[in-house]
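This report concerns only the one structure given below.
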Amino acid sequence: MATHHAAPNEIVDLATWAQDVPNEKTKVIVKTDEMELVRLTFPAGKEFANHKVSGPCVIHCITGEIECAAMETIQVLTPGQLLYLMPDELHSVKAVVDSVVLLTIIFKG
């Protein structure tokens with residue numbers, strides 16, 4: 001069964017958005033030709049290591065605490081904080097504690 005994606009003008013509650021996903025609760029909210037919006041969950045200690053995306057991206061900590069490594073720096077994000085990265089910037093994200101992250105990627109036109 002396909003999971004639900006948000007429609008234009010639909011309110012998304014990040015706390016409950018992925019309840020239809022049985023396990024880790026990572027889920028694409030919206031994906032278009034221009035952008036992708038994803039709710040990611042990271043159990044404590046989980047790392048998404050050394051990757052990059054073709055467009056600019058925003059990593060927004062919703063709950064928990066994450067370490068973001070980019071541009072030869074490691075920074076800790078807590079709820080309500082976000083980090084903007086340029087296209088093709090190599091980066092890693094690691095959960096210090098169980099965390100929920102909102103990832104926004106803008107695709108090159």
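The values are calculated or read from the model by the stated rules, or taken from the named source; none is laboratory data. None of the values given here were measured: they were computed from a predicted structure. Note: ideal-geometry Cβ built from the backbone for every residue, glycine included; neighbour counts use all protein chains shown. Please note that ligands, DNA and RNA were not included when accessible areas were found on the heavy atoms of the full protein model with its side chains. Shrake-Rupley method; radii C 1.70, N 1.55, O 1.52, S 1.80 Å.
Details
- Modelled FRET efficiency - R0 22 Å, SER92 with VAL30, Cβ distances, 0.05 increments: 0.35
- Accessible surface calculations at 1.4 Å, restricted to protein heavy atoms, place the chain at 61 Å² per residue.
- If you take all other residues with their beta carbon under 15 Å from the beta carbon of PRO87, and give Lys and Arg +1 and Asp and Glu -1, the sum is -2.
- The mean of 1/r over all distinct Cα pairs in the chain, once inverted, gives the Kirkwood hydrodynamic radius of 14.3 Å.
- Under the convention that each Lys and Arg Cβ holds +1 and each Asp and Glu Cβ holds -1, the size of the dipole of the chain around its Cα centre is about 100 debye.
- Counting only residues at least eight positions apart within a chain, or on another chain, the lysines with an alpha carbon under 24 Å from that of LYS46 are LYS25, LYS27, LYS94.
- As a fraction of the 1.4 Å probe accessible area of the chain, surface on carbon and sulfur atoms comes out at 58 percent.
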